[in-house]
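Everything below concerns the one structure shown next.
The values are calculated or read from the model by the stated rules, or taken from the named source; none is laboratory data. Note that the structure is a prediction, hence the values are computed from the model and not measured. Glycine gets a Cβ as well: all are built from the backbone with ideal geometry, and neighbour counts include every protein chain shown. Ligands, DNA and RNA are stripped out before the accessible areas are found, and what is left, the full protein with its side chains, is counted by its heavy atoms. Shrake-Rupley method; radii C 1.70, N 1.55, O 1.52, S 1.80 Å.
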Amino acid sequence: MDFGFSEQQRDVQNLARDILNDNVSAQSLSQYDDYKAERFDRDLWNKLAQAGLLGVAVDEEYGGMGFGFFELALLLEEAGRTIAPLPLMSHLISAALPIQKFGSDAQKQQWLPGVASGESLLTAALSEAYNDDPAQPWLTTAKTEGDTLVISGEKTNVPFAHIANRILLAAKTSDGLAVVLLDPKAKGVTLSAQQVTTYEPQFVLTLENVRVDAADILAVGVDGQAAMQWIAECSTVALCAHQLGASDKAMRMTASYTAERKQFGVLISTFQAVGHRAANCFIDVECLRLNTYQAISRLDGGLDATNEVQIAKIWAGDVGHRVSYAAQHLHGGAGIDRDYPLWRYCLWLRHNEIALGSSAKTLAKLGKRIAAGEAFCS
């Protein structure tokens, strides 16, 4: 059995890598530091759209390539390798993919062509204060009034909400969850800017009796609960893929530095302690790759992947932390010099470690499931 990538997967990965490497650099990223400019490269966004990559997992009838979740995750990995200033995860994974899977024909026709062309921008509100589980909202509630839903509550850390056409979010109802596509310009919606260490534009989304018409309701009740669980798992694995790319880049950046840096006239890469530290980073990254790809593969195949997703997220947090720490250590003072690019990767590795549940939280969830006989890990 061939466990390697298919030809189409290699093509997607190589195309994404070429475009992102050619258009993202330490110099281009520096313009967004300290919020000097909005962290969104629209020219690069258009180039990905023209190459068909924004529609890699969109059905061909809506202008996409018609590939699957695995190909889309490979795009996210390459975005992590360059920490590209693009809303790929929120737009493609957390919002567009659910529309394609759970949306009505009218919703697909309304949004998916614009997703593939880059003309529409979607995002998702997955977090609440003190709650990073997208599938279990407790601060956002919805009640039914005729054919509409009336939603109140608050979401935090919503990326690119100020320029999004729709925001996917879940609200708790009396019989499950409601998953909707919220118009950020609707009456009762308030956006408050947040500042985060990655400089990505994020917002607190406050909802006060916001009416959502039937045309913007994706799923409700038990169907809404199932949909949000799937969205949470896909988004978590996409985060792991981004972490994989960023960790791999930080590791290779460190290997290159130690192969050139001399101490006492000797390359520090020849020091045994340095070699062992770098080797541990390589092992860590490859373990993260294995666990992430396994979770992606199961989700792509429509299989139950809760165990694999949780294991991948645990590895993503731990590996990102260890690689960041080792990279800073082996670089010495250069690692924290803002004229050198490593510090940006360390911030993103920390961000991805915490987002959608830290390693400790995720490990506790997995442990409870194992103790209850709901999960079996060998």
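Of the numbered conditions (1) under 24 Å from the mean Cα position of the chain (by Cα); (2) not in a helix (DSSP H, G or I), Gln243 satisfies every one except a single condition; which is it?
With (1) under 24 Å from the mean Cα position of the chain (by Cα); (2) not in a helix (DSSP H, G or I) applied to Gln243, the lone miss is (2).
Mind checking whether some residue in the range 294-306 is more than 14 Å from Thr258 (Cβ to Cβ), open to solvent by 40 Å² or more (accessible area, probe 1.4 Å), of a type in the set (D, E, K, R) and touching a Gly at 6+ places or on another chain (Cβ under 6 Å)?
For the range 294-306, residues more than 14 Å from Thr258 (Cβ to Cβ), open to solvent by 40 Å² or more (accessible area, probe 1.4 Å), of a type in the set (D, E, K, R) and touching a Gly at 6+ places or on another chain (Cβ under 6 Å): present.
Within the range 97-120, identify whether any single residue is modelled with pLDDT of 95 or more, hydroxyl-bearing (Ser, Thr, Tyr), under 23 Å from Ser152 (Cα atoms) and touching a helix residue (DSSP H, G or I) at 6+ places or on another chain (Cβ under 7 Å), and answer yes or no.
no
Inspect all residues belonging to the range 44-51 and state whether any of them is under 18 Å from the mean Cα position of the chain (by Cα) and open to solvent by 40 Å² or more (accessible area, probe 1.4 Å).
no
Quick one: how many residues across the range 112-145 are part of a loop (DSSP other than H, G, I, E, B), within 14 Å of Thr206 (Cα to Cα) and either acidic (Asp, Glu) or under 14 Å from the mean Cα position of the chain (by Cα) (or both)?
Summing the residues that are part of a loop (DSSP other than H, G, I, E, B), within 14 Å of Thr206 (Cα to Cα) and either acidic (Asp, Glu) or under 14 Å from the mean Cα position of the chain (by Cα) (or both) in the range 112-145 gives 1.
Check Leu349, Leu363 and return the single one that is closer than 18 Å to Glu78 by Cα and of a type in the set (A, V, I, L, M).
Testing whether each residue is closer than 18 Å to Glu78 by Cα and of a type in the set (A, V, I, L, M) leaves just Leu349.
Can we say Ala95 is aliphatic (A, V, I, L, M), open to solvent by less than 10 Å² (accessible area, probe 1.4 Å), over 23 Å from Ile19 (Cα atoms) and part of a helix (DSSP H, G or I)?
Judged against the criteria, Ala95 is a match.
With Ala273, Ala305 as the choices, which residue is out of contact with any helix residue (DSSP H, G or I) (no Cβ under 7 Å at 6 or more places or on another chain) and farther than 19 Å from Glu78 by Cα?
So the residue among Ala273, Ala305 that is out of contact with any helix residue (DSSP H, G or I) (no Cβ under 7 Å at 6 or more places or on another chain) and farther than 19 Å from Glu78 by Cα is Ala273.
Looking at the range 74-86, I want the residues that are closer than 13 Å to Leu54 by Cα and at pLDDT 95 or above and have a partner that is in a loop (DSSP other than H, G, I, E, B) and charged (D, E, K, R) with Cβ atoms under 7 Å, at least 6 apart or on another chain. Which pairs are those?
Taking only residues 6 or more apart or on different chains, the pairs are Leu86/Asp41.
Within the range 184-196, how many residues are in a loop (DSSP other than H, G, I, E, B) and either open to solvent by 50 Å² or more (accessible area, probe 1.4 Å) or aliphatic (A, V, I, L, M) (or both)?
Within the range 184-196, residues that are in a loop (DSSP other than H, G, I, E, B) and either open to solvent by 50 Å² or more (accessible area, probe 1.4 Å) or aliphatic (A, V, I, L, M) (or both) number 5.
Which residue, of Tyr325, Tyr340, is part of a helix (DSSP H, G or I), open to solvent by 30 Å² or more (accessible area, probe 1.4 Å), out of contact with any Gly (no Cβ under 8 Å at 6 or more places or on another chain) and among the hydroxyl-bearing types (Ser, Thr, Tyr)?
Only one candidate passes the filter, namely Tyr325.
Could you list, ordered by first residue, the pairs with Cβ atoms under 7 Å in which the first is in the range 265-278 and in a helix (DSSP H, G or I) and the second is charged (D, E, K, R) and surrounded by 13 or more Cβ atoms within 10 Å (Cβ to Cβ), at least 6 apart or interchain?
If the second residue must be charged (D, E, K, R) and surrounded by 13 or more Cβ atoms within 10 Å (Cβ to Cβ), the pairs left are Ile268/Arg261.
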